[in-house]
Every structure is written in C-alpha cells, then in structure tokens.
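Okay, structure first, notes after.
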Amino acid sequence: MKSFRIGIFILIALAQLSVPALMAWSRVQTLTHGRVWKFKTAPVDPEDAVRGRYIALGFDIEQYPRVERLEWNTPVYVVLKADGDGFAAIDQISETPLSGDNVFRAEAGGWWDGKQHLTFPFRQYWVTEKIAPQAEQAYRDNSRREKLNAYVTVRVRNGDAALEQLYIDNQPLTDYLRAQAAKK
C-alpha cells in the first residue's frame, strides 16, 4: 500500500511539473523555429513602478480598420503579411482559430473611428535593472511621432508569438546602449 501511495505521489508530481515544462518548451520552440516578423513600435509611456523594469511597447498596427465591431477581450487570430518595407502588417483578423507561421492569438479591445483596437500578447520587453533607465530613455527618444526609429522582432509559430529583440536605430538594444555610452 505504501508503494502505491508513493507511485501516486510521483505521478501527481510529474503531472504538475509537466505543465510549466510544456509551456516553456512551446515558447522555446517558437523562438527557435518560428518565422521572424518586424513590428514598428508606437509611442507609449514606458514607466510603471508597480510591475517592474520593462519597456511598455505599443504598435502602429494594433488599430485595424474593420466594419464589424468585436466585443472587448474577444480572442482573435491575427494573420500577418509583410508590407513594402519588410514590417509586419495585418492581412486579416479572424474569430475562428487559425495556425501557421503568420498567425498569432490576440485580444480585441475597443472599437472607434472604424478601427478595431487589438491587444498583442507581446507588449512588454523586459530589461535588467542595470540598463532599465537608459533603455527606457532610448526607447522614449526613438519612438516619438517625429522620430520613429524603434521596432521589435517577434517570432510566430503555429498561433504562438514570442518577442525576440528590441531594435533602436537598426541595432539591438544592448548594442545601441553600448554605442551611446561610448560616445559620452
């Protein structure tokens, strides 16, 4: 009887450990094998003392022209295409599940002026405490309306999307910060 209980305990422990392991494995698979998409960023206030050190991201394409209105928090599937400059653009949004290396899941937000606002799952770019102030300032300086010089790369695979890198002035964030520090 004692070995039966130990066996049950081991099975339950393995089941509990498998859920986060599968989630992590899925994200690693997306980052390793997913298709790379570049997203232009939009200005956002990047400071949030409650949630920690990250850069809050906004995207130009989160506002999609649409005749039919979707309810708040409705899951949608965003189908991407590349625009003339090589950046991601929305081809269509669907309420029915889709998959592919150009589809990811998002949520519908508000609807006004004939545009459906979307909430993408990759809105925070986490940075270390050490570089956070410089990173926030660099992003703020390069994502103003008069100087839109920041973008992110996102890997998309089978409906999953994972934020890969933040670029400022066509350089990864850490390289950009290093180059700016060398100029001073």
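Less than 10 Å Cβ to Cβ from Tyr77, Lys/Arg counted +1 and Asp/Glu -1: what total charge do the surrounding residues give? If you can, show how the numbers build up before the last one.
Values: positive: Arg105; negative: Glu95.
So the surrounding residues net to 0.
Estimated from the Cβ-Cβ distance and a Förster radius of 35 angstrom, the FRET efficiency linking Ala179 and Thr32 is about 0.80. Note on the chain: with a GNM built from Cα contacts shorter than 10 Å, the maximum mean-square fluctuation among Thr30, Thr74, Thr96 falls on Thr96. Extension gain for Ser3-Ala82 works out to 22.6 nm (0.36 nm per residue, less the C-alpha to C-alpha distance). Calculated mean residue ellipticity at 222 nm for the chain: -9500 deg cm²/dmol, from DSSP H runs with n ≥ 4 weighted as -39500 (n - 2.57), summed, divided by the residue count and rounded to 500.
Please give the helix 132-141 orientation as an angle from the longest Cα principal axis of the chain, in degrees from 0 to 90, rounded to the nearest 10. Between helix and principal axis, roughly 40 degrees.
For segment 140-184, dividing the convex hull volume of the Cα atoms by the residue count gives 80 Å³ per residue. Over 31 Å apart: what share of the alpha carbon pairs of the chain falls there, rounded to a whole percent? The calculated P(r) of the chain puts 28 percent of pairs beyond 31 Å.
Candidate cross-link partners of Lys38 among the lysines, defined by an alpha-carbon separation under 26 Å and a same-chain spacing of 8 or more, comprise Lys81, Lys115, Lys147. Between Asn73 and Ile131, residue separation times 0.36 nm minus the direct Cα-Cα distance comes to 17.5 nm.
Extension gain for the segment Asn158 to Trp25, taken as residue separation times 0.36 nm less the Cα-Cα distance, is 46.5 nm to one decimal.
No lab work stands behind these numbers, since they all come straight from the coordinates. Predicted model only: the values in this text are computed from it and were never measured. Glycine gets a Cβ as well: all are built from the backbone with ideal geometry, and neighbour counts include every protein chain shown.
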